[in-house]
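Working notes, structure below.
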Amino acid sequence: MFFKKKRKNKFANKLYRVERQVRYKNPLKIKKGVFQFKLFRIINLLLILGILGCLYFFIFSNFYNITNVEVTGNEIISTEDVLDITNNYLAKNKLLFFKNNNIFLFSKSALASNINKVVILDNIVIEKILPNTIRINIQEKDVAFKWLTNQQTYLVDQQGIIIKRYYKLVTPKIFQLTQIDPENDNKQNDNLLIIKNLANQDINLGDKIINPQDINFIFNLLTKLEESDSFVIKELSVPNNFPEYITITTLNNWQIHFNLADSVDSQINRLNVLIRDKIKKENLSALDYIDLRLGESIYYKFK
């Protein structure tokens, strides 16, 4: 039987000593003095104080506070409304300590968003003009008429969409514009056609309440009726949103019901023939209503 002889590790019984690396001093290195160390600290301190001073001047001082607001491009939307929204936004703080009325911290997108919560526009461009002016340029939608419902009046565009709640505000004193006469401002809105919703339905900004073809019908109808000398229009009303007919109330408080799905010309022709041949102009004040909603069948009633 053979046994394999184990080899001895020749390094096992030897001791090795690890010596530390010798460090040498650089004889050319100059030791910094106390004066040089203090100078470095003073320079850093001055830089920090300079940065803090700049922050205070640009952010916290009143020099760059917005004190002038220019509103351009608006013909239908009241300047008073825009200034009121702007004033409310500038009066608020950002992150508790910072102010929105600082021209550097002022957010153009935030103000545009606040304005669009009140009125739907085609476009709005806001510019910063140093040191303390912002310019708001408004591109409006085409307003068709006013919509009266639930004792509130709204502006409606050509697509039948509610684009603004109509109301007049007092211009904030800090943003009074000398070129604006408060009594004449928004005067174009005062001349808009008013349509009354008899159902008094609640609506919100952006809601569609009438179809564009029905809007065209209404304005075409009014153009035709203006040619008549038989009566004077006092009020226009509809039964609800997306109406099927429109009612015209005359100055003598009798009514005419028109079908929005029928032809304007055919209904006007039937109305003129009825007044000429049967009712007579001298008897119009005694009418209660004329109903043209049922095609060729015309109904009328005296009071």
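I'd like to verify a number: residues in the range 256-286 that are closer than 30 Å to THR153 by Cβ and not in a helix (DSSP H, G or I), how many?
7
Of the residues ASN253, ASN241, which single one is surrounded by 14 or more Cβ atoms within 10 Å (Cβ to Cβ) and either assigned to a loop (DSSP other than H, G, I, E, B) or basic (Lys, Arg) (or both)?
ASN241
Looking only at the range 287-303, how many residues end up being surrounded by 13 or more Cβ atoms within 10 Å (Cβ to Cβ), without any contact (Cβ under 8 Å) to a residue 40 or more places away in the chain and not aliphatic (A, V, I, L, M)?
3
Can you tell me which residues in the range 127-141 are modelled with pLDDT of 90 or more and surrounded by fewer than 19 Cβ atoms within 10 Å (Cβ to Cβ)?
Listed by number, the residues that qualify are GLU127, LYS128, ILE129, THR133, ARG135, ASN137, GLN139.
Please go through the range 220-238 and pick out each residue that is touching a residue at least 24 places away in the same chain (Cβ under 8 Å) and assigned to a helix (DSSP H, G or I).
ASN220, LEU221, LEU222, LYS224, LEU225
Can you pull out the residues in the range 203-217 that are over 19 Å from the mean Cα position of the chain (by Cα), within 20 Å of ASP122 (Cβ to Cβ) and loosely packed, with under 15 Cβ neighbours inside 10 Å?
PRO212
Could you give me the residue pairs with C-beta distances under 6 Å whose first residue belongs to the range 115-134 and is assigned by TED's automatic domain parsing to the domain that holds GLN159 and of a type in the set (Lys, Arg), whose second residue is modelled with pLDDT of 85 or more and not in a loop (DSSP other than H, G, I, E, B) wherever it lies, and which are 6+ apart or on separate chains?
Short answer, once both residue conditions are applied: LYS128/ILE134.
Please specify each residue of the range 107-164 satisfying the condition of being among the charged types (D, E, K, R) and either assigned to a strand (DSSP E or B) or within 30 Å of ILE66 (Cβ to Cβ) (or both).
LYS108, LYS117, ASP122, GLU127, LYS128, ARG135, GLU140, LYS141, LYS146, ASP157, LYS164
So, of the residues in the range 273-286 that are in contact (Cβ under 8 Å) with a residue 40 or more places away in the chain and surrounded by 14 or more Cβ atoms within 10 Å (Cβ to Cβ), which turns out to be nearest to GLN213 (Cα to Cα)?
Applying the filter and picking the extreme gives ILE275.
The values are calculated or read from the model by the stated rules, or taken from the named source; none is laboratory data. Note that this is a predicted model, so its numbers are computed, not measured. As a convention, Cβ positions derive from the backbone with ideal geometry for all residues, glycine included, and neighbour counts pool all protein chains shown.
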